[in-house]
Amino acid sequence: MRSYNLKKTFAGIGFSLVAVLGLSVAASAQGQWAQQNKRVVKEKKVIITKHAPQKPQQQWSNQNNRYRVYRNGSYYNTDNRGAELLRQAVNAGYEQGFKAGKSDRVGRRGGRYNDNSMYRTGTYGYQSYVDRQQYQYYFQQGFQRGYQDGYNSRQQYGSYNNNNGSVNILSTILSGILNLQQY
């Protein structure tokens, strides 16, 4: 009976040791996992910080500048993107008008820009971010000037590069047409 009690005691001690060792191993593993997790989180913060914009508030405010476009006695409000699209409308209009005017001169057709279908629709290059009527107006303004330059073989409102065929409206003419006012 004594040996039976002794066996029970040793078995109990053995189980206790296994339990204590198991808990300490589990606690150690949990501590290592927590340390590893902290290191990973810290590395992620470093990566995010390295790739984050330096001054996001300043960048945001620069992207959201507001403009007033004065036309026909009223104002049209837009932001940087809208202002850039209206600039593109004038430039695209000038380029297409120049080509159409030059073609009409070479083909000996009458110099009437308003007979051109591209002028009448005025939506070449249109993106729905800006009002369609605003885009059409500015495209047509550029087209008229480009057509006159192309038809009369001159560069009064813009420039033509013979080397690569690029056509651009002059910045002073562009500014006069758009009449953008930042606010």
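How much of the calculated P(r) for the stretch 66-182 lies past 26 Å, in percent of all Cα pairs?
On the way: 1205 of 6786 pairs.
Of all Cα-Cα distances in the stretch 66-182, 18 percent exceed 26 Å.
Once amide H atoms are placed 1.01 Å from N in the peptide plane, what residues at a sequence separation of 5 or more from Leu170, or on another chain, have their amide H within under 5 Å of its amide H?
It is Gly158, Ser159, by chain and number.
When the Karplus curve 6.51 cos²θ - 1.76 cosθ + 1.60 is applied with θ = phi - 60°, which whole-Hz ³J(HN,Hα) does each residue of the stretch 133-141 get, with x for Gly and Pro?
Residue by residue, the stretch 133-141 yields 5, 5, 4, 4, 4, 6, 4, 5, 4 Hz.
Given a Förster distance of 35 Å, report the FRET efficiency between Arg66 and Thr121 from their Cβ-Cβ distance, rounded to the nearest 0.05.
Values: r = 29 Å, r/R0 = 0.83.
Here the calculated transfer efficiency is 0.75.
For the pair Glu84/Tyr183, report the inter-label distance in nm, with labels modelled 7 Å from Cα in the Cβ direction.
With each label point 7 Å from Cα toward Cβ, the separation is 2.3 nm.
For Arg109 and Ser171, what does the FRET efficiency come to when R0 = 45 Å and r is the distance between their Cβ atoms, rounded to the nearest 0.05? Please report the intermediate quantities before stating the final value.
Values: r = 31 Å, r/R0 = 0.68.
Computed FRET efficiency for Arg109 and Ser171 comes out at 0.90.
Quick one: which residues, 5 or more positions from Arg71 or on another chain, have an amide H under 5 Å from its amide H? H modelled 1.01 Å from N in the peptide plane, none for Pro or chain starts.
Tyr76
Readers should treat all values here as calculations from the given coordinates under stated rules, not as data from a laboratory. Just so it is clear, the structure is predicted and the values come from calculations on it, not from any experiment. Glycine also receives a Cβ, built like all others from the backbone with ideal geometry; neighbour counts cover every protein chain displayed.
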